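Undergrad: Quick one: the structure is below, and I'll ask about it shortly.
Taken together, the values in this text are just the output of simple stated rules run on the coordinates, not laboratory data. This structure is a prediction, so every number in the text was calculated from the model and none was measured. Backbone-built Cβ (ideal geometry, glycine too); neighbour counts: all protein chains shown.
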């Protein structure tokens, strides 16, 4: 993406993503999406990559922060986070305890948590050159076949933020018997720096 396009990208979306307050530069922030996203509708415009703030470290990931190896950014399992950085409900398996729509919303929140963690690790989301793979796990009842639909929420956020050239990725959506903290969705990913 050219410098001029990036500047336009940032200006066009300042009204799309709100950042929850940061009291000072050292305080942990939190991630919050727009009302539009919270209701499950796609963005009309891409949100700015610079508007994602990392939630408190203690709740950020399930297995450690993103690791950088050369140009590769390896993101360990992230789950959905609430505005205060704590794990976000609803909790349980899909569709018995959590509806497919709520699970898809959890996948969106998980994407925001991943973006916050990646930003913390690399300093600026504009450093991302490509999303390579996304490995999504859905806490699913036996026989549940809509894991791909649930993980669409995650992929939609990535594509909305980075566009298809950078945000396009290979994805796996697996149903599992249980996830940590009884979360409905956990996602790991591999990205490449530009």
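Undergrad: Can you sort 138, 98 by how many other beta carbons sit within 10 Å, fewest first?
TA: Starting with the residue having the fewest Cβ neighbours, the order is 98, 138.
Undergrad: Sticking with this one: Sort 76, 155 so the one with the fewest other Cβ atoms within 10 Å of its own Cβ comes first.
TA: By the 10 Å Cβ count, ascending, the order reads 76, 155.
Undergrad: Also, I was wondering about something else. Checking the a/c ratio against 1.5 first, then a/b against b/c, what shape does the Cα gyration tensor give for the range 133-194?
TA: Prolate shape, in that a/c is at least 1.5 and a/b is the bigger ratio.
Undergrad: Full extension from residue 132 to residue 74: what is 0.36 nm times the residue separation minus their Cα-Cα distance, to one decimal in nm?
TA: The span from residue 132 to residue 74 would gain 19.9 nm if fully extended.
Undergrad: For the pair residue 174 and residue 149, what calculated FRET efficiency results from E = 1/(1 + (r/R0)^6), where r is the Cβ-Cβ distance and R0 = 22 Å, to the nearest 0.05?
TA: After rounding to 0.05, the efficiency reads 0.95.
Undergrad: Follow-up question, since we're still on this one. Points 7 angstrom from Cα along the Cβ direction at residue 67 and residue 182: gap in nanometres?
TA: 3.1 nm
Undergrad: Continuing with this model, one more query. Could you put 193, 125 in order, starting from the residue whose Cβ has the fewest other Cβ atoms within 10 Å?
TA: So the ranking, lowest neighbour count to highest, is 193, 125.
Undergrad: Would you mind telling me the antiparallel percentage of the DSSP bridges in the range 70-194, rounded to 5?
TA: So the antiparallel bridges in the range 70-194 amount to around 65 percent.
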